[in-house]
Amino acid sequence: MSARKVDYDKFQKLNVQILGIAVTNPFSQKTFADSLKLPYPLLADYPDPEVTRSYGVLMLYPKDPKRMVARRSFFLIDKQRIVRGRWLPDVKDVFPSEPILTRVREMTGKP
């Protein structure tokens, strides 16, 4: 999330709306977003994780198998709601914005 925060202006110049989503309640999401001072919204897929399930990224939390979480992932969805890119990075690594920005530039023809 911080990588997208740092590169937020680059996404804005390419007319990309960034959204974050997690399987947690809205109050927790707002508190977390505020603590990071994110310039984009975080959504709560709670109590029924319908969105994360439909994108195939819902999983059991390793430290508490009774709890469901969304696997860290990135999707590029166009205005027609077609998924144009999907990235499932290793959870331990920071995932750079550049692969996403490169795909957007390819789609739009913008440098």
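Structure values in brief
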item: GNM result for the chain, Cα springs below 10 Å: residue of P41, P99, P65 fluctuating most strongly; result: P65
item: For the chain, the longest site-free run once trypsin sites (Lys or Arg not before Pro) in DSSP loop states with at most 16 other Cβ atoms within 10 Å are removed; result: 1-36
item: Top of Q29, Q80, Q17 by mean-square fluctuation, Gaussian network on the chain, Cα under 10 Å; result: Q80
item: Amide H partners (placed H, <5 Å) of L76, local residues excluded; result: R84, G85, R86
item: Mean separation of Cα contacts under 8 Å (6+ apart) over length of the chain, as relative contact order %; result: 22
item: Antiparallel %, DSSP beta bridges [both residues in the stretch 1-98], to 5; result: 75
item: Over 22 Å (Cα to Cα) - which of K30/K66; K63/K92; K10/K30; K37/K110; K10/K110 fall in this group; result: K30/K66; K10/K30; K37/K110
item: Computed accessible area, Y55, all protein chains, 1.4 angstrom probe, square angstrom; result: 70
item: For the stretch 51-68, Karplus couplings with θ = phi - 60° (6.51, -1.76, 1.60), whole Hz, Gly/Pro x; result: 5, 4, 5, 5, 8, x, 10, 7, 8, 6, 6, x, 7, 8, x, 7, 9, 9
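The values are calculated or read from the model by the stated rules, or taken from the named source; none is laboratory data. All figures in this text were calculated on a predicted structure; none of them were measured in a lab. Don't worry about glycine lacking a Cβ; one is built from the backbone with ideal geometry, like all the others, and counts go over all protein chains shown. For the accessible areas, the whole protein counts, side chains as well, though only heavy atoms, and no ligand, DNA or RNA atoms are used. Shrake-Rupley method; radii C 1.70, N 1.55, O 1.52, S 1.80 Å.
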